[in-house]
Amino acid sequence: MNAKPEFNKNANHAETAPAFLSVWDMHSYYGESYIVQGISFNVHEGEILALLGRNGAGKTTTLRSIARMGDPQVMKGEIWLDHQPLHKMESYQASAAGLGLVPEDRCIIPGLTVEENLQLAQIAPPIGWSIDRLYDLFPRLKERRKQEGVTLSGGEQQMLAIARALARDVKVLLLDEPYEGLAPVIVDEIEKTLRLIKEQGMTTILVEQNAVRALQLADRAIILDTGSVVFDGTAKEVLDNAELRAEYLAI
């Protein structure tokens, strides 16, 4: 039998250099189901972190726990964003503190136009992301600004969901399966946008089943397996380690 691949586990734990977002010993449950089992990791300002793992590894639960969605329940642990204790907050407070979750289903509000979806999310007055600036980032949304949001294509809805999160002047963008069901050309467009906002200082956590594309975009990677961190290191380390990818990502 082949030995398990060597990797760096918990290399970026809380005792390392100060982080922008820190998750310490987080345990999360759906009812009696113990999903996230004591994970710890740091995210540094301005980086893109790929949060990877097989189906059921706990990726979406981790994002929802960080965003303080209430379901799942975080039973233990601490979550800090820019010196603010998110673990003591409700979801609306975490959002106001600077977290922007873009869920897999995008949650575009029916009956509202593209522009109305953005206006509803916009803080007043906008600090960094005015609607005009968002239209510069997503020209397609400007073209369709008077169109009802739910009638957009899947790729355009994903753009609207990301723009709506940015409209709240978030500090950390949490993306859950942003490439799901999208054509490669649209994925290319969204990746280009994520690189642009990274250049402007945005911190992003990306959950994505298309692990190779996520790793090509990301600076660092966390791999989860059955609710635990099994790898914490650079994206390049994962791309260069075929045994690690086969063991935990099936690629």
Selected residue (only one of 250, 211, 218 is of a type outside the set (D, E, K, R) and surrounded by fewer than 16 Cβ atoms within 10 Å (Cβ to Cβ)): 250
Out of (1) among the hydroxyl-bearing types (Ser, Thr, Tyr); (2) in contact with a helix residue (DSSP H, G or I) (Cβ under 8 Å, 6 or more places away or on another chain); (3) crowded, with 18+ Cβ neighbours inside 10 Å, what's the single condition that is false for residue 113? (3)
Would you say residue 22 is over 15 Å from the mean Cα position of the chain (by Cα), part of a strand (DSSP E or B) and surrounded by 18 or more Cβ atoms within 10 Å (Cβ to Cβ)? no
Count of the range 63-117 residues which are of a type outside the set (Gly, Ala, Ser), at negative phi and part of a loop (DSSP other than H, G, I, E, B): 12
Within the range 32-91, how many residues turn out to be in contact with a Leu (Cβ under 8 Å, 6 or more places away or on another chain), of a type in the set (Lys, Arg) and over 28 Å from residue 237 (Cα atoms)? 1
Checking 201, 227 in turn, the sole residue that is on the phi > 0 side of the Ramachandran plot and exposed (fewer than 15 other Cβ atoms within 10 Å of the Cβ) turns out to be 201
So, first residue free of Cβ contacts under 8 Å to residues at least 24 places away in the same chain in the range 55-78, second residue surrounded by fewer than 18 Cβ atoms within 10 Å (Cβ to Cβ) and outside any loop (DSSP other than H, G, I, E, B), Cβ within less than 8 Å, six or more apart or across chains; the pairs are 70/91
I need the strands (runs of 3 or more DSSP E) fully contained in the range 139-251, keeping only those with at least 3 residues that are over 29 Å from residue 117 (Cα atoms). 220-225, 228-234
Limited to the range 148-168, what total is found for residues that are under 15 Å from residue 204 (Cβ atoms) and polar (S, T, N, Q)? 1
Does the range 146-184 hold any residues that are surrounded by 17 or more Cβ atoms within 10 Å (Cβ to Cβ), over 15 Å from the mean Cα position of the chain (by Cα) and farther than 25 Å from residue 19 by Cα, and which are they? 149, 152, 155, 156, 157, 160, 182
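Just so you know, all these numbers are worked out from the coordinates, no wet-lab data involved. Source: prediction; values computed, not measured. Note that each Cβ is placed from the backbone with ideal geometry, even for glycine, and that neighbours are counted across all protein chains shown.
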